[in-house]
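Each value in this text was obtained by applying a stated rule to the coordinates, not by laboratory testing. Computed from a predicted model, the values in this text were never measured in an experiment. All Cβ positions, glycine included, derive from the backbone under ideal geometry; neighbour counts span all protein chains shown.
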Amino acid sequence: MTTRSPILSLRGIQKSYGPIKVLHGVDLDIYPGEVVALLGENGAGKSTLSNIISGTVQPSAGDMTWLGKSYTPTDPRAAMDEGVGMIHQELKLLPKLSIAENVFVGRYPMKAGRIDRKAMEDRARRGLHRLGLDISPDRLVEGLSTGKQQLIEIAKALTLNARLLILDEPTAALGGEETQLLFQQIERLRTEGVGIIYISHRLEEIRQIADRIVVMRDGAKVQEFDSGDVPIRTIVEAMVGRSLERMFPALPTPTDEVTLEVRSLSSPSNAFRDINFFVRKGEVFGIAGLMGAGRTELVRAITGADPISGGEVLLRGKAITPRSPIEAIRNGIVLVPEDRKLQGVVLDHSIAENIGYANLGEIAASGWLSSRRIQQFAEDYIRKFGVKGRGGQNASELSGGNQQKVVLAKWLARKPQVVVLDEPTRGIDVGARSSIYDLIMDLARQGVAVIVVSSDLEEVLGVSSRIMVMAKGKQSGILNREDANDVSVMELATI
Amino acid sequence: MAALAKTHDVVGRRMLPSLRGATGPLIGLIVLCVFLTFASDKFLSVRNFLNVLDQITVLGVMAVGMTLVILIGGIDLAVGSVMALAMMVLGYLNIMAGVPMWLAIPLALLVASLNGLVAGLLITRFNVPAFIATLAMMSIARGLANMITDGQQLIGFPAWFNTMAIVRFGGFLTLTVAVMLVIFIVGLLYLRYRHGGRSLYAIGGNAEVARLAGINVNRATVLVYVVSSLLAGLSGMVLAARLDSVQPSSGVSYELDAIAAVVIGGTSLSGGTGGIGGTIIGVLIIGVLRNGLNLLSVSPFMQQVIIGGVIVLAVTAETYRKRK
């Protein structure tokens, strides 16, 4: 391997967004015919790095060399012309067009001012064959399995003469068979001398496919293994590392009384299957797992936001399985959703109105209300939760932390029994986080059963009495606080 | 000082929520009236003002329903046809079948409401886009209206019916104008002071947030389309009284006038902001403009061009103001 020269070399790549540095000088070499696994937790900088290589994002500092020449792609098209193919996690194919059209969209082969359909189909067919796919290029993309679509994305990159492929979580949506098919094709490309950067959270498959492993953490390359055959525990320790301890408030002691119980709950889309757990009165119950493990879907189902296909939800021993948010709210089960801006607040409406919307029934007991009544009602909660803003201000003018307090405030006015928080501090700066943690502990102290879903390991570990870990839609274990640490959780999450 | 001014602004916005975003159109309306006062000596008189009120009754009643629909981020293209259908049902029942008016009117309104019910269910249960669902209802209602008399007009309502649109009680209000004013007030109060009315703002602002907040978005959506159709039917009753006859070709493209009035009044087509206050101003702008242009003997074709220009002006002024 050392005798060959790398296809791509990165030296000291940095990236900052304003004052926030997300990449701290990364060095990386990719040689022809090797699969390099790029690993790290969410937010470690893997996506930024691959976006820089594929031209979507420009580095703030550092040099890139492509086949011996300086390489500074200004947009994805330029990168593609050089021979860098990026296959995104979410597929970017046009379902109503044929495979051939998808492969060549934006760069159709022309002949005499017209699209040369024959050349287009021939070249697409060759690309498909190279991957061992026996599908007609005339076929519409719609209706093809996710795995096939994934391969068509790769065929597209190959037809454009890609020398380097970046695969961002290619198996996230694939079944076992499709994954094996993909791996066979990756193997084939490796023998043809294509360099591959492989990003995945599934550590088990890294062993099978990777020649080298690069682990990133907090925007820097922290470790490199010259073989794919590294124990998972070692990789996880490198990914998690040791970072600054954050301050978490003391946990209240939960009572023995069970408030919420979930029995063999399943979703119609199979996002989660056969989930069983209970939460006590005054307990903070954490749910951990990687992206796509089904955590959000699970808590949305418990709060009536998404449908349930099997199993039941019990509140203090009584089956109440909610079929709509209204039913859940009536039973005192409320959700602080994952995406504040899309699901939590109406951005162009005022803080007071946002708090009011969940409480119109209480504000308007007789059905009549006025802006002043809404305002007065909201002011109490704005003060109680220390929201930095006035009732008349639009929610869009608030910081993320204050918006989150508004979402919490609108629910707490209803004195819920179960509060579910999905990624409560995502996109909220560190200072504001501790006040959210304080609010969570206050809730528990008042006897609310709290569920916290978080991708932030430290956060889940810091606030939960018990933690359920999910992987690929199933619960892989429930850990008591004493047994839970970053390694034990990550091991369960990557099963 | 600046902070103080900002606080005042915020307070002002809160105190007049139904006029929020409609101050621009209000200024426009005043400018228009001042201009017409100078341009035509017939414009500024009580009689002409009452004329304008009479002329906007049909549009006014219809635009209230359209405001609710647009507020939740929807659109109702069927109102013009639904109006014609309600009129033809009224004519059929009263003139051809001899059903007394006190029964024929509610039945006609019921038929109109059913159109909205169908549209609302198509939108909520079958996820048909509002544009398509109401486009279909527009065609269906128009076809049904024509089928009743095979396209013929009907005359022969009882004599008192027409007087509702002509006789001015106390020298001031015709019954039809009174109906419009009542609808305006009810709409205004509903959106400002009722639980259900405030929920519509939440739905238009972000339907998913509203749903997760425990608002029954589907039920509210169906109700809004039912009310829109009901008011379209009611505007049909008003027009029938004014014309003392019904014909199935009535109300063609009225839905577009109603949308124009709502949009001129500052209600956003994407939903969530606006209100009846703005719509009343929008309706008045269109009414005053038509009246004034008639007084100035501007040709009807030219009037269409000018009204189109006003829509562009109103909406661009509003977007510009917001960006600032």
| remark: Sorted largest first, the Cα spans of region A:161-226 on the principal axes come out in Å as 32, 27, 19
| query | In whole Hz, what ³J(HN,Hα) sequence does region A:121-133 give by Karplus (6.51, -1.76, 1.60; θ = phi - 60°), x for Gly and Pro? | reply | 5, 4, 5, 5, 4, 4, x, 5, 4, 4, 9, x, 9
| said: Looking at chain B as a GNM with Cα springs under 10 Å, which of B:L191, B:L200, B:L32 has the largest mean-square fluctuation? | reply: B:L32
| field | Ratio of the Cα radius of gyration of region A:262-415 to 2.2 N^0.38 Å, where N counts its residues | value | 1.13
| remark: Beyond 15 Å, the calculated P(r) of region A:193-278 holds a percent of Cα-Cα pairs equal to 74
| query | If you line up the long axis of helix A:430-445 against the longest principal axis of chain A, both from Cα atoms, how many degrees apart are they, to the nearest 10? | reply | 50
| said: Taking the 0 to 90 degree range and rounding to the nearest ten, how far is the long axis of helix A:400-412 tilted relative to the main principal axis of chain A, both from C-alpha atoms? | reply: 40
| field | Loop-located GluC sites (Glu not before Pro) in region A:374-476, at most 12 other Cβ atoms within 10 Å (DSSP) | value | none
| query | If region B:171-288 were replaced by its equivalent ellipsoid, with semi-axes equal to the square roots of 5 times the Cα gyration tensor eigenvalues, what would those be, largest first, whole Å? | reply | 28, 16, 14
| query | How large is the helix-only mean residue ellipticity at 222 nm for chain A, computed as the sum of -39500 (n - 2.57) over DSSP H runs with n ≥ 4, divided by its residue count, in deg cm²/dmol to the nearest 500? | reply | -9500 deg cm²/dmol
| said: At 0.36 nm per residue, and after removing the present C-alpha to C-alpha distance, how many nm does the segment from B:A39 to B:M101 gain when stretched out fully? | reply: 17.9 nm
| task | Kindly flag which residue pairs out of A:K21/A:K341; A:K21/A:K384; A:K46/A:K384; A:K96/B:K322 have an alpha-carbon separation exceeding 31 Å in this structure. | result | A:K21/A:K384; A:K46/A:K384; A:K96/B:K322
| remark: Across 20 Å bins beginning at 0, the whole-percent shares of Cα-Cα pair distances in region B:20-323 come to 34, 58, 8
| Quick one: what does P(r) look like for the protein assembly as shown with 10 Å bins over all Cα pairs, in whole %? | 2, 11, 17, 18, 18, 16, 11, 5, 2, 0, 0
| query | So for B:V315, B:V34, A:V236, A:V346, fewest C-beta neighbours within 10 Å to most, what's the order? | reply | B:V34, B:V315, A:V236, A:V346
| remark: Fewest-first ordering of A:H24, A:H201 by Cβ atoms within 10 Å yields A:H24, A:H201
| field | Contact order normalised by residue count of chain A, Cα under 8 Å, 6+ apart, percent | value | 15
| request: Give me the compactness ratio for region B:255-323, meaning the Cα radius of gyration over 2.2 N^0.38 Å. | output: 1.14
| request: Would you mind getting me the FRET efficiency between B:L32 and B:S253? Use the beta-carbon distance for r and R0 = 30 Å, nearest 0.05. | output: 0.85
| said: As a footprinting exposure proxy, order A:R373, B:R242, A:R295 by other Cβ within 10 Å, with the fewest listed first. | reply: A:R373, B:R242, A:R295
| query | Can you give the average number of partner chain beta-carbon atoms within 10 Å of each beta-carbon in peptide A:352-359, as a whole number? | reply | 5
| task | Find the Rg to Rh ratio for region A:317-401, where Rh is the Kirkwood radius over alpha-carbon pairs and Rg uses the same atoms. | result | 1.01
| Amide H partners (placed H, <5 Å) of A:S476, local residues excluded | A:V469, A:M470, A:A471
| note | When chain B is treated as a Gaussian network with springs between alpha carbons less than 10 Å apart, the largest mean-square fluctuation among B:Q303, B:Q55, B:Q247 is found at B:Q303
| message | In Å, what Kirkwood hydrodynamic radius results for region B:78-194 from the alpha-carbon pair distances? | response | 16.2
| task | Could you please tell me the mean projected area of the C-alpha convex hull for region A:8-240, averaged over all directions and given in square nanometres to one decimal? | result | 13.2
| message | With 16 Å as the cut-off, how large is the P(r) tail for region A:379-475, expressed as percent of Cα-Cα pairs? | response | 57
| note | Long-range share for region B:38-130, i.e. C-alpha pairs more than 16 Å apart as a percent of all pairs, stands at 67
| message | Looking only at the protein assembly as shown, where both bridge partners belong to it, what percent of the DSSP beta bridges are antiparallel (to the nearest 5)? | response | 55
| query | Taking only C-alpha pairs under 8 Å that are 6+ residues apart, what is the relative contact order of region B:20-323 in percent? | reply | 36
| field | Neighbourhood net charge (15 Å Cβ-Cβ; Lys/Arg +1, Asp/Glu -1) for B:A78 | value | -2
